[in-house]
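Okay, here's the structure, questions in a sec.
Coordinate-derived values only; no laboratory data. On a predicted model such as this, the values are computed, not experimentally measured, just so you know. Here the Cβ is made from the backbone with ideal geometry for all residues, glycine too, and neighbour counts use every protein chain on show.
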Amino acid sequence: MRIPTATTAVLAPALALLGALAGGPAGAQTAAPVALTVQVNRPGAAVNKNMYGLFFEDINFAADGGLYPELVKNKSFETDDHLLGWKALRGGAALESYVVLTDGPIGPTNNHFLRLSTKTGGPEAGFVNEGFRGMGVKEGAEYTFSVYARRGPGSITGLRVTLEQPGPRKDGPETPDSGAALAQAQITGLTGEWKKYSVVLKPSATFAKARLKLTVDGTGTVDLDVASLYPKDTWMKRENGLRPDLVQLLKDMQPGFLRFPGGCIVEGRTLAQRYQWKETIGEVAARPSLVNRWNTEFLHKFTPDYYQSFGLGFFEYFQLAEDIGAEPLPILNVGMACQFNSAELAPIGPITAAKGPNATPAAADDAPTLQTFIQDALDLVEFANGPASSPWGAKRVAMGHPAPFHLKMLGIGNEQWGPQYLERYELFAKALKAKYPAIEIVSSAGPSPDGPLFDTASKRLAELKAEYVDEHYYAKPEWFRQHADRYDKYARTGPKIFAGEYAAQSVAIASPENRNTWDCALSEAAFMTGLERNADVVGMASYAPLFAHVDAWQWTPDMIWFDNLNSYGSPSYYVQKMYALNKGTRVLPVALPGGAKNGTDNLFASAVADDKAGDVVVKLVNYSTSPRAVKIDLAGAKKLGKTGRAQVMASADLQTQNSLKEPQKLAPQESTFAVSGSVVSYTLAPNSFTVLRVAGRK
């Protein structure tokens, strides 16, 4: 695959564009201009102010190891393999014994801890933690190490904490001098009771794959739990805050909504492994961990070490949505495990009147009925919106957020299908609406955009007067171009459509060879002209998945990629951002010559009025290897400005990708163009997505 340099990918289209506008050689290459008419004087449907948003799922190490910046893997020894991520120095040769126990834990939900016993304390007596594909640390930055410790028999005087750069080893066991120390601190004053200790580490160098080493000073026994290494540099400097570069990429998109926490992790492989929001709030150290259902789903990315610590829980998701100005859209389990796995069903059982907000979930060994899931949804609304005087609202207040989160939407089920889902959805929605009639409910049309199951679900959900139906499509790039007219054919009455998950697949669905190419992103841009043109049908849309760690992904393509230190947006990220920042307020009809269909000759167009800015916004996709001249008649527009603004993404090579080394190899380039009268002449670069803004009111 040939990937052009940044100069080829970005400057060449811009130079060609300038030449075309000036009537130079580039302009001579184009055919007669294509005439488009934008009916500025005939505005259509309103565009939902939350039209373009974000879909977060904890896949590809998106939470632990990604957005949630805890550096210690399995900090509480609560995973199924209790020493996952930990390794005894020299295989434990310097220790008399080490074992994970449950005798006298720090709490009922965090009931495992590590006990070390040593006859000879020192630099070889201890453990290292590998982090999430290493630990990314920055020179001069501060990292808080904390641990719960309890001294047992003997004379252990303290712990030595070292952040180190692993050194190369050809053969032999782990040795204490196998890596250079980046930072070191000592913890003293241990007692016979559990107590939390904290020190600050400041690395002497930047390193992407550091590790943490804990060793014992003295001889005897010591118990350790909740060993954490957390950066002080978090979003808004919060103590349990999020990774700032990743949040900034989200905020820069000005998203209308944030859908969380998934995705298939909502369902779980079994109901016992489902996502339960009530276990993800409260004291971070008390939140029980859970295996991530993506850990062994794909043989090409077998990741048995993938767990959810829930340090990023529902409170933090609500807080993130608030921080980036997005409406929260939580998705809850509808009493069904993932149908691609066990397809386990919770029995419907009796559906009773809503219980009080103090209702507790069924015990782990009880078989929950649908009532359990409904109660969880009712309690979630109260947690998000309830006053401090309500039990679940009080829990939110106790976590530091007195004001409500203003939850307005809730998803029932993720990607379920069939009569089992429709039956449960109907009962679930009825109970939720009975108590909270103002909450808008998002329902599921299943994992495919067509077929008998899709048709049955769409028909039944319309009969039930569903407010939003979530449609998903993962397909080859050509599918997106061919189906840009998908919603032209939908009835103008009935449920709104939430295009909740979509992404062009360069090879095949779930193929490990998929790449975030310009071909994929440009085809998505073409498809999105159809979403925008049909804003009376489509109310929300979000690309998926959102995040991926370059060393720990399970699914590709993805919108934003990162390693332990850096991050970048794919071409699809910038397409989504251009739509979100230019969504406008009302649809403007666009006519091609002779009433041609949108997409004819691979030219795609949509337009909106931005009443707040007083602009007309036209979006154009030229899926062609040649420049294309257009003449755009802004019919009925008055008081047009003399200069318009253009944002252009273009590359002669459809296989162009961004990377950590070239994070903006393909990104929007901004320029201005002259406007004279109500007809705008412009030449679209080859293989380009262009957004034109012209100031003017009708």
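Rank the residues 472, 300, 82 as a footprinting-exposure proxy: fewest other Cβ atoms within 10 Å of their Cβ go first.
So the ranking, lowest neighbour count to highest, is 300, 82, 472.
Still on this structure, I have one more. Taking the simple approach of a point 7 Å from Cα along Cα-to-Cβ for both residue 32 and residue 270, what is their distance in nm?
For residue 32 paired with residue 270, the spin-label model returns 7.0 nm.
Label 7 Å along Cα→Cβ of residue 202; the range 139-153 residues with amide nitrogen under 18 Å?
139-146
Hey, how many Å between the Cα centroid of the range 289-306 and the Cα centroid of the range 387-447?
Spelled out, the Cα-based centre of one part sits 28 Å from the other.
Please enumerate, by chain and number, the lysines with C-alpha under 17 Å from the C-alpha of residue 642, excluding those fewer than 8 residues away in the same chain.
631, 698
Using Cβ counts within 10 Å as a stand-in for footprinting exposure, how do 689, 480 rank, fewest first?
480, 689
Assign unit charges at the C-beta atoms only (+1 for Lys and Arg, -1 for Asp and Glu), then state the dipole size of the range 355-506 relative to its Cα centre in Debye, rounded to the nearest 20.
Its charge dipole is roughly 460 debye.
At R0 = 51 Å, how high is the FRET efficiency between residue 613 and residue 509 if r is their beta carbon distance? Nearest 0.05 is fine.
Computed FRET efficiency for residue 613 and residue 509: 0.85.
Oh, and also: Is it possible to state the helix-based mean residue ellipticity at 222 nm for the chain, with each DSSP H run of 4+ residues giving -39500 (n - 2.57), the sum divided by total residues, to the nearest 500 deg cm²/dmol? What is it?
That comes out to -5000 deg cm²/dmol.
If you stretched the chain out fully between residue 482 and residue 662, how much longer would it get, using 0.36 nm times the residue separation minus the C-alpha to C-alpha distance?
61.7 nm
Would you give the gap between the C-alpha center of the range 552-622 and the C-alpha center of the range 183-235, rounded to a whole Å?
Cα centroid of the range 552-622 versus Cα centroid of the range 183-235: 47 Å apart.
Here's a follow-up. In nm, to one decimal, how far is the residue 248 label point from the residue 464 one, both placed 7 Å along Cα→Cβ?
Result: 4.4 nm between the two label points.
Here's another thing I want to ask about it. Quick check for me: using +1 on Lys/Arg Cβ and -1 on Asp/Glu Cβ, what's the dipole size of the range 86-231 about its Cα centre, in debye to the nearest 20?
180
Hey, another quick one. Give me the tail of P(r) for the range 600-698 as a percent: Cα-Cα pairs with distance above 21 Å.
That tail contains 36 percent of the Cα-Cα pairs.
Something else about it: What dipole magnitude, in Debye to the nearest 20, does the chain give about its Cα centre under +1 on Lys/Arg Cβ and -1 on Asp/Glu Cβ?
Dipole magnitude for the chain comes out near 1980 debye.
Greater than 23 Å separation of Cα atoms is the criterion. Which listed pairs, 465/612; 237/278; 49/232; 433/459; 49/577; 237/661, meet it?
465/612; 237/278; 49/232; 237/661
Sort 517-526, 487-496, 208-217 by packing, meaning the average of other beta carbons within 10 Å per residue, with the highest value first.
The packing order, highest mean first, is 517-526, 208-217, 487-496.
If you don't mind, there's one more thing I want to ask. Please report the equivalent ellipsoid semi-axes of the chain, computed as sqrt(5 x eigenvalue) of the Cα gyration tensor, largest first, in whole Å.
Value: 49, 32, 21 Å, ordered largest first.
Between residue 188 and residue 87, what's the calculated FRET efficiency when r is the beta-carbon distance and R0 is 30 Å? Round to 0.05.
E(calc), rounded to 0.05, equals 0.75.
Here is a further query. Projected onto the charge dipole of the range 86-231 (+1 at Lys/Arg Cβ, -1 at Asp/Glu Cβ, origin at the Cα centre), which of 208, 165, 218 gives the Cα projection farthest towards the positive end?
With unit charges placed on the Cβ atoms, the residue in question is 208.
Set the Förster distance to 51 Å, then compute FRET efficiency between residue 296 and residue 591 from the Cβ-Cβ distance, nearest 0.05.
0.45
In nm, give the distance between the simple-model label positions of residue 180 and residue 581, each being 7 Å from the Cα along the Cα-to-Cβ direction.
4.0
Let me ask something else about it. What's the extension gain from residue 233 to residue 643 if we count 0.36 nm per residue and subtract their Cα-Cα distance?
That works out to 143.4 nm of additional length.
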